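The values are calculated or read from the model by the stated rules, or taken from the named source; none is laboratory data. Bear in mind that the values here come from a model prediction, so they are computed numbers and not experimental data. All Cβ positions, glycine included, derive from the backbone under ideal geometry; neighbour counts span all protein chains shown.
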Amino acid sequence: MLSRTSSTLVSKVLTKLNHVTRVHYSYNDVDHLMRVKGQIDGMRAAALQGGGAKAIQAQHNKGKLTARERVELLCDPGTFVEYDMFMEHRCGDFGMSDKRISGDSVVTGRGSVNGRTVFIFSQDFTVFGGSLSSVHSEKICKIMDQALLTGAPIIGLNDSGGARIQEGVESLAAYSAVFQRNILASGVVPQISLILGPCAGGAVYSPAITDFTFMVEHSSYLFITGPDVIKSVTNEDITQEDLGGAKTHTSVSGVAHNAFSNDIEAIQNVRHLLGFLPGSNKQKPPIRRCYEPSTVDVPVLDNIVPYDTTTPYDMHQIIYNVIDEREFFEIQPKYAKNIIVGFARINGHPVGIVANQPKVAAGVWGCLRRHV
């Protein structure tokens, strides 16, 4: 029990604390809070506009979605939480002090895809052509660090002209921080890159070293140096499509794992792919209920493989008849067609499939001739 002196002392302390924590709001205080709220709302509205209405319309005229539209389409409704919306670049040279836009050409944050947490960055081509600055890099690195810490996939929606030349070597150095995290995340969490526009120079390296890279036909490009520079150095005429388009990277170089007709289809396929993958190397992939009985008889399998060993057949027919609901997510379907790889489910469990394709070069590995 406390003595009378101690009790009195405690009572005085509690009285003072109560007095300190008691807040009195005047009309001026309320007005100030409302002004601050109005300023924040105004900053948020400006950030949501990115490069402005004309730049957004130009993006739409090219058949492309904006950075924020892509994020909303990728995530489950209402789950995206944006990070660092009000960050701006720190460059004061070449008149950049008067060209500051909240968010600085990239939207970053976390969201959910089919109820599972993912971390996302979406480069905004309407702001400085999506070019990478030191602040742009810091925002990307932050969500990559969070993904590694929590064990969640990293999804990059790439639409960038490369390094921001106004920042010089500082912008180039910022790429190295992203590359370092690509390496640290390799084999730890899934990394998926979606190429949704021109990615030139330093912008090509990070997607090329992620686990999966997808492109959009006729609107996305991956090349270190563009056609104009190639022409001036080698006197060779080459188009963007031939140099680094979706067809080149899905069928010749093998850098991209597939290409789709538009942004919407590409994003939907990323959502589909995530359903086969674990959140990290410490988690198991999601199991889905299978509505087909595992004991069902499949008589078509009796006749697919021909008696004549020299007669080719399509391995896809076997794959589709042994997996759940004929759902097969093929990886690199246009590259090295003598081998089939992809993801499927058997009795609800995700599996990876590697199969020879007898229909192409008798399914022999490494026998294809490449004409470049």
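Details
- Apart from one condition, T117 fits all of (1) within 26 Å of D76 (Cα to Cα); (2) in contact with a Cys (Cβ under 9 Å, 6 or more places away or on another chain); (3) touching a residue at least 60 places away in the same chain (Cβ under 8 Å); the exception is (2).
- Screening G51 on (1) farther than 30 Å from S261 by Cα; (2) over 19 Å from the mean Cα position of the chain (by Cα) shows it passes everything except condition (1).
- Among the conditions (1) among the β-branched types (V, I, T); (2) over 30 Å from E265 (Cβ atoms); (3) touching a residue at least 40 places away in the same chain (Cβ under 8 Å), I143 misses just one, which is (2).
- Considering S171, S160, S206, the condition of being of a type in the set (S, T, N, Q) and either closer than 16 Å to V107 by Cα or not assigned by TED's automatic domain parsing to the domain that holds I120 (or both) is satisfied by S160 alone.
- No other residue among Q59, Q39 is in a helix (DSSP H, G or I) and either over 20 Å from the mean Cα position of the chain (by Cα) or of a type in the set (F, W, Y) (or both) apart from Q39.
- Matching option when the condition is in contact with a Pro (Cβ under 8 Å, 6 or more places away or on another chain) and either at pLDDT 95 or above or under 25 Å from G342 (Cβ atoms) (or both), among T213, T239: T213
For every residue, the table says whether it meets (1) within 19 Å of L172 (Cα to Cα); (2) of a type in the set (K, R).
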site	(1), (2)
R110	no, yes
V127	yes, no
G130	yes, no
S133	yes, no
H136	yes, no
A152	no, no
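- Pairs meeting the criteria (first residue in the range 40-55 and in the same structural domain as M87 (by TED's automatic domain parsing), second residue among the basic types (K, R), beta carbons under 7 Å, at least 6 apart or on different chains) are L48/R68.
- Qualifying residue in the range 154-165 (condition: in a loop (DSSP other than H, G, I, E, B) and modelled with pLDDT of 95 or more): no
- Some residue of the range 242-254 being touching a Ser or Thr at 6+ places or on another chain (Cβ under 9 Å) and charged (D, E, K, R): yes
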